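Engineer: Structure incoming, see below.
The values are calculated or read from the model by the stated rules, or taken from the named source; none is laboratory data. Quick caveat, the model's predicted, so the values are computed rather than measured. Quick reminder, even Gly has a Cβ in these numbers, built from the backbone with ideal geometry, and neighbours come from all protein chains shown. Side chains are part of the model used for accessible areas, which takes the heavy atoms of the whole protein and leaves out ligands, DNA and RNA. Shrake-Rupley method; radii C 1.70, N 1.55, O 1.52, S 1.80 Å.
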Amino acid sequence: MSTLLGSHTEARRAGRIVQGHELTESQAIEAEVCVIGSGCGGATVARQLAMAGHDVVVLERGGYYPESSFDQREINMNAKLSADRSMRASADGGTLLLSGQNVGGASVHYWADSYRTPEDRLQLWAERYGVEGHDLARLTPAWDELTGTLNVHPATEDYHNRMNQLLRSGAQQLGWEGHAVPQARKGCVKSGHCMQGCVYRAKQSQLVTHIPQAIDHGARVYADVEAAELLRERGQVRALRARVIDRARNQPSGVELTVRARAFVLAAGGYYSAPFLLRQGLQKQLPMLGRNFGMNPTAMVHGLYDEDIVLWRNIPAAFGVEQFRLARYDAAGAYVEGGYLLMANQIQPGLLGSMMPLMGDALGEWMAQMPRIGGTIAWIDDPADELGELQLARDGTPKVVYPYGPKTQAILRDTIRKQAQLQFAVGARRLLVAGADALQLDSTADLPKIDRLPIRAGGLFMAAPHPSGGCIMGRSARDSVTGPSHRVHGFDNLFVADSSVFPTPVSVDPSFTIMAFSYVAAEHIRQML
Amino acid sequence: MIEQDGAGLRGDGAGTTASGMSGLHWHGLSRRRFIRGLALLPTAVGGSFVLGACSEPQRRWRDGRALLALSVAQAQTLEAVARAALPAGGGFPDVDEAQVVRRFDEELSFVSESIRGDLQAALGVLEYVPSLYGHFGRFSALGGDAQRAVLDALCGSRVELLRAIGSNVRILVQFFYFAHPATWAATGYDGPFGHLPERLSEQRRWYAERTGASA
Ligand SMILES: Cc1cc2nc3c(=O)[nH]c(=O)nc-3n(C[C@H](O)[C@H](O)[C@H](O)COP(=O)(O)OP(=O)(O)OC[C@H]3O[C@@H](n4cnc5c(N)ncnc54)[C@H](O)[C@@H]3O)c2cc1C
């Protein structure tokens, strides 16, 4: 029997993962801190607080899938690890919204690129948005520690697959700056299954790092438990009502948990944190809720080569072109170029096939040559004045309204042009822009065709793996949702610790920024305990 | 024709879907010709659902198993999209062998209501949209070339909603197809790295049981 008190005392002695099927009766749980979400944001906060001796409970909507449940099959693993099976799209239907839903969150299917936040971005956030206390001096010790914990190191030569070698050589030929990408890996066997979850525990996701470390220090992680309602009294959250999910049906089981804690930390991820607060009816109190939403839409160009590329093995992004990270504008403010990170693509056959804008025999002809298909991908740094908004769909799930404004369009066009230029420079025979218009390019003479390509939602086949904003950090409730202490304006004990606090996207992959921000969040939470 | 009239239609309801479909919002009422061209669509979509509900109470697919998310009519439209979009011959397996319709029904059974509803509606629109492009007959009754022409027109449409319908259904069909092991030999994919046995999740087992899959 697991009475509330019994399981609580027992769990305090030893942390553990509790799964939905073990939760057969509604019950109340007490802890010092309750964290909602177990991704890079939530797991890091939980680890920091648990290691400092605090009693932490983590609630995770998704299931607990240890490596023994991984089978490296795309659809099977997508179903286990991804929110809504990667079938959620922006309101215009044009961009697939990718995020994790499992213990460890998106880190379990991420690529493990681990960039420190560029200083120019931290300065922008501080100066324009009032993000104080998150400068290089404050974050560097966190990154230094994380570099050890997650074994972050630049990808070495043997981890450059053929596409990454070509990317590097193309960048060198064209004089574009780029570097080996810092990777969070230990003993990687080059399986190429980062996006299916790493069976080999080599990718240093939260599942194999901060989650077990938090548990070792007494944290209790409840998988299959969805935070539903904050029970509040003025500026205090007294408790949280959560529902247990029957994992087999992916529906509430009818069992409820009530969590009483001194502090609550929302870390449901960039797509879910703002909608969670919207569902609490906080929009009037927090007019910026859902605003400044960015998602780093990605544009891809596939290439057909004379040699084998084998895009699906080894690590995805060993080399990154950083030359165009920041958009450049001329003196008159007109867009010149840039505003994206350019990488080698890595996709297994299902995803590659789905991103091929061809049909019937034409599709067959490309896919029959899959070993010789290479490709590049770029995630754009959404312009700060063209960000979108998170709202609620009719069933209470996130609705992403994203404008694809003129600068965004120009950036997308520029990255397609640069990707094509680079791939032709390294020997691609033919290129195919991943988009409904199915633009094929046979040589550099075709590059001007890119200038005529309509850029619009649903035109390019895009996915958005890096949500940010919606609960942005700033000075007051007029311009933001949280303050520099990660506390939600107007609340004493409600914090946000994930990418939704970023006022703009990070301009590089965000996981390392999320984790370092969680270090800062944990310090502030400790001060109030 | 709708293409000349430009973007006037957008999904404004759930907006959370692979198609952004539900709660059709007619935007720019002055675009009369556009509206006239699409006027029959909602009725047609509604009609297909009613028809589906009345005539197919059991919702069994051709493989003898129950459908949980799709009606038989929707499954037929989806199958037609798959046959038109996917390669035939060249060593590539048939849509049935790659279990595209079955997998689509399975995936749709576990996603949020808004996503499921939008994709179901998208299939309804797809079935009745050919008349807008000068084809007489429902999508599933057209020949392969006509079907591909309609899909191409949808994906390249200047109307956001139609683009979303065409692209998203196709993207999903192609994803389920090329992720299926039956297609791998034809593509030169050597399979998952570790050659691990398939490990079915609770949801896969639940779906198999509910739809009457043989063990
Ligand atoms: C394919 C892919 C590749 C990527 N590669 C990289 C990379 O190489 N480098 C990099 O830096 N970034 C990468 N990213 C992005 C990175 O993985 C994410 O930005 C990061 O992991 C997000 O962490 P998070 O904690 O903010 O959110 P998440 O990881 O999304 O965690 C939030 C968790 O909260 C849970 N949750 C949501 N709502 C509730 C609720 N109501 N109750 C309980 N739980 C809830 C969710 O299920 C989820 O598990 C990639 C992303 C994708 C999709």
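Engineer: State the percent of C-alpha pairs, over all pairs in the stretch A:461-529, separated by a distance greater than 15 angstrom.
Structural biologist: 51 percent
Engineer: By a straight-distance test (C-alpha under 29 Å), which lysines pair with A:Lys190 as possible cross-link partners, with residues fewer than eight away in the same chain excluded?
Structural biologist: Cross-link targets: A:Lys80, A:Lys203, A:Lys418.
Engineer: Using the heavy atoms of the protein chains alone and a 1.4 angstrom probe, what is the accessible area of the protein assembly as shown per residue in square angstrom?
Structural biologist: Per residue, the protein assembly as shown has an accessible area of 34 Å².
Engineer: Express in nm, to one decimal, how much length is gained between A:Asp135 and A:Val401 on full extension, taking 0.36 nm for each residue of separation and deducting their alpha carbon distance.
Structural biologist: That works out to 92.7 nm of additional length.
Engineer: What number, in nm² with one decimal, is the all-direction average of the projected area of the convex hull of the alpha-carbon atoms of the stretch A:275-370?
Structural biologist: The orientation-averaged projected area of the Cα hull of the stretch A:275-370 comes to 11.5 nm².
Engineer: Hey, got the average number of other protein chain Cβ atoms within 10 angstrom for residues in A:453-464?
Structural biologist: 3
Engineer: To one decimal place, what orientation-averaged projected area in nm² is obtained for the convex hull of the Cα set of the stretch A:430-486?
Structural biologist: 6.5 nm²
Engineer: Provide the per-residue ³J(HN,Hα) series for the stretch A:100-117, in order, calculated from phi with Karplus coefficients 6.51, -1.76, 1.60 and θ = phi - 60°, each as a whole number of Hz, with x at glycine and proline positions.
Structural biologist: Karplus values, whole Hz, x for Gly and Pro: x, 8, 5, 5, x, x, 5, 5, 6, 10, 7, 8, 6, 5, 10, 8, 6, 4.
Engineer: Ok, one more. Can you run phi through the Karplus equation (6.51, -1.76, 1.60; θ = phi - 60°) for the stretch B:102-107 and list ³J(HN,Hα) in whole Hz, with x for Gly and Pro?
Structural biologist: Residue by residue, the stretch B:102-107 yields 4, 5, 4, 4, 5, 4 Hz.
Engineer: Another question, then. Once you put a point 7 Å from the Cα of A:Arg249 and another 7 Å from the Cα of A:Ala334, both along the Cβ direction, what distance in nm separates them?
Structural biologist: 6.1 nm
Engineer: Tell me which residues come under 5 Å, amide H to amide H, from A:Val35 once H is placed; ignore anything under 5 positions away on its chain.
Structural biologist: Long-range HN contacts for A:Val35: A:Val57, A:Val58, A:Leu59, A:Val265.
Engineer: How well do other chains shield peptide B:176-182, expressed as the mean number of their Cβ atoms within 10 Å of each residue Cβ?
Structural biologist: Mean inter-chain Cβ contacts per residue within 10 Å come to 6.
Engineer: Under the Kirkwood approximation applied to all pairs of distinct alpha-carbon atoms, what is the hydrodynamic radius of the stretch A:178-311 in Å?
Structural biologist: 19.3 Å
Engineer: How large is the accessible surface of A:His109 in square angstrom, using a 1.4 angstrom probe and rounding to the nearest 10?
Structural biologist: 30 Å²
Engineer: Moving to a separate point now. Within the stretch A:64-87, name every residue whose backbone N is under 19 Å away from a label modeled 7 Å from Cα of A:Arg16 along the Cβ vector.
Structural biologist: A:64-67
Engineer: Over the residues of chain A, compute the C-alpha Rg and express it relative to 2.2 N^0.38 Å.
Structural biologist: That works out to 0.94 for chain A.
Engineer: Okay, moving on. Please work out the Cα center distance from the stretch A:20-52 to the stretch B:92-157, rounded to the nearest Å.
Structural biologist: The stretch A:20-52 and the stretch B:92-157 have Cα centres separated by 42 Å.
Engineer: Also: When the Cα centres of the stretch A:387-422 and the stretch A:299-327 are compared, how far apart do they sit, in Å?
Structural biologist: Centre-to-centre distance over Cα atoms comes out at 21 Å.
Engineer: For the stretch A:106-264, take every pair of Cα atoms, bin their distances at 10 Å starting from 0, and report each bin as a whole percent.
Structural biologist: Reading the bins upward from 0: 9, 22, 28, 27, 11, 4, 0.
Engineer: Based on the Cβ-Cβ distance of A:Glu145 and A:Met528, what FRET efficiency does E = 1/(1 + (r/R0)^6) give at R0 = 25 Å, to the nearest 0.05?
Structural biologist: For A:Glu145 and A:Met528, the calculated efficiency is 0.65.
Engineer: Whole-Hz Karplus ³J(HN,Hα) for the stretch A:507-519, in order, using 6.51 cos²θ - 1.76 cosθ + 1.60 and θ = phi - 60°, x for Gly and Pro?
Structural biologist: My calculation for the stretch A:507-519 gives 6, 9, 3, x, 4, 6, 5, 4, 5, 5, 4, 5, 4 Hz in order.
Engineer: Continuing with this model, one more query. Cα centroids of the stretch B:199-215 and the stretch A:452-475: how far apart, whole angstrom?
Structural biologist: Going from one Cα centre to the other spans 36 Å.
Engineer: In Å, what Kirkwood hydrodynamic radius results for the stretch B:48-195 from the alpha-carbon pair distances?
Structural biologist: 16.0 Å
Engineer: Over all Cα pairs of the stretch B:132-187, how is the pair count split among 5 Å bins, expressed in % and running from 0 up to the last occupied bin?
Structural biologist: Taking every Cα pair in the stretch B:132-187, the percentages come to 4, 18, 21, 21, 17, 12, 6, 2.
Engineer: How about the stretch A:143-234: which trypsin sites (Lys or Arg not before Pro) there are in a DSSP loop, with at most 10 other Cβ atoms within 10 Å of their Cβ?
Structural biologist: Those that pass, being in a loop and sparsely packed, are A:Arg234.
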